[in-house]
Structures are given as structure tokens and as C-alpha cells.
Amino acid sequence: QVRLVESGGGLVQAGGSLRLSCTASGRTFSSYAVGWFRQAPGKEREFVATINRSGSTRYEDSVKGRFTISRDNAENTVYLQMNSLKPEDTAVYYCAAGAIVGITTRSGAYDYWGQGTQVTVSS
């Protein structure tokens, strides 16, 4: 069992930055892939970024060059650095973990989910 807790969300003006953290319980965190997903009001949850156990990363096209995902296994934490934020980035952001071989953007491949953190970008 892995418990995930997100933090770092908040209100920021367009062009600003936030860093989200996803901290996990459990000793085997380093063996999990971790992804960030987001859900805006009235929309389906969508993939944002993922990092696998080898450190390989993948991003949704609209965040490439603006968001960076990284992990610190010693701290059991994955980060999502978000720069040049836009109003369309406004959503609840969720982190998810899974014992995934390779790399995937499919939400169904992730077994454990956090409760989410709100990110609001004002124009």
C-alpha cells in the first residue's frame, strides 16, 4: 500500500510559478512510476507528466517546456515545477503511483492516487 499526499497548490497570476510536491509513504517508492494528472471543472482528468523508476519522463504537449517533473527517492517525493503558468492550467492536480514497466500516460495504469491540490491561475 502506498499513500500519496500532494502539496504546493495555490493561487498565482498568469506567468507565475508553483512547485507541487507528491510525498509517498512506503519503502518501495523508488520502484514506482509517478504521474501527475489534472482535472478542470467540467472536464475529464488528463495526463500532465510522468517519471518512471529509471528517471525517464514524458509530458503532455501543452506543458512541454514549462513544466518539469523530478523525483527525490531519498525523500520519497516527486516534484512538478510549473513555470509560465496560464489560466488554462487551472485545475485540481493529482499525483499517482504505479508499479509500471516502461512509461505510460494512461491513468488506469496507476494504482495509487492522492487527494489532489488546487491550482488556480488568474489572468
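The values are calculated or read from the model by the stated rules, or taken from the named source; none is laboratory data. Keep in mind it's a predicted model, so treat the numbers as computed, not measured. Every residue, glycine among them, receives a Cβ derived from its backbone with ideal geometry; neighbour counts consider all protein chains shown. For accessibility, only protein heavy atoms count, side chains too; no ligands or nucleic acids. Shrake-Rupley method; radii C 1.70, N 1.55, O 1.52, S 1.80 Å.
Things worth noting here:
- Of the residues making up the range 1-32, those that are part of a strand (DSSP E or B), under 26 Å from Ala99 (Cβ atoms) and either open to solvent by less than 30 Å² (accessible area, probe 1.4 Å) or of a type in the set (A, V, I, L, M, F, W, C) (or both) are Leu4, Val5, Glu6, Leu20, Ser21, Cys22, Ala24.
- Selection within the range 33-45 - of a type in the set (Lys, Arg) and open to solvent by 60 Å² or more (accessible area, probe 1.4 Å): Lys43, Arg45
- Screening Tyr94 on (1) within 11 Å of the chain's Cα centre (by Cα); (2) loosely packed, with under 14 Cβ neighbours inside 10 Å shows it passes everything except condition (2).
- Inclusion of Arg53 among residues that are open to solvent by 50 Å² or more (accessible area, probe 1.4 Å), modelled with pLDDT under 95 and either in contact with a helix residue (DSSP H, G or I) (Cβ under 8 Å, 6 or more places away or on another chain) or among the β-branched types (Val, Ile, Thr) (or both) is warranted.
- The range 67-91, subset under 16 Å from Gly9 (Cα atoms) and charged (D, E, K, R), residue surrounded by the most Cβ atoms within 10 Å (Cβ to Cβ): Asp89
- Residue match in the range 95-107 (condition: at positive phi and either in contact with a Lys or Arg (Cβ under 9 Å, 6 or more places away or on another chain) or modelled with pLDDT of 95 or more (or both)): no
- Hey, Ala109 surrounded by fewer than 21 Cβ atoms within 10 Å (Cβ to Cβ), in contact with a Pro (Cβ under 9 Å, 6 or more places away or on another chain) and small (Gly, Ala, Ser) or not: no
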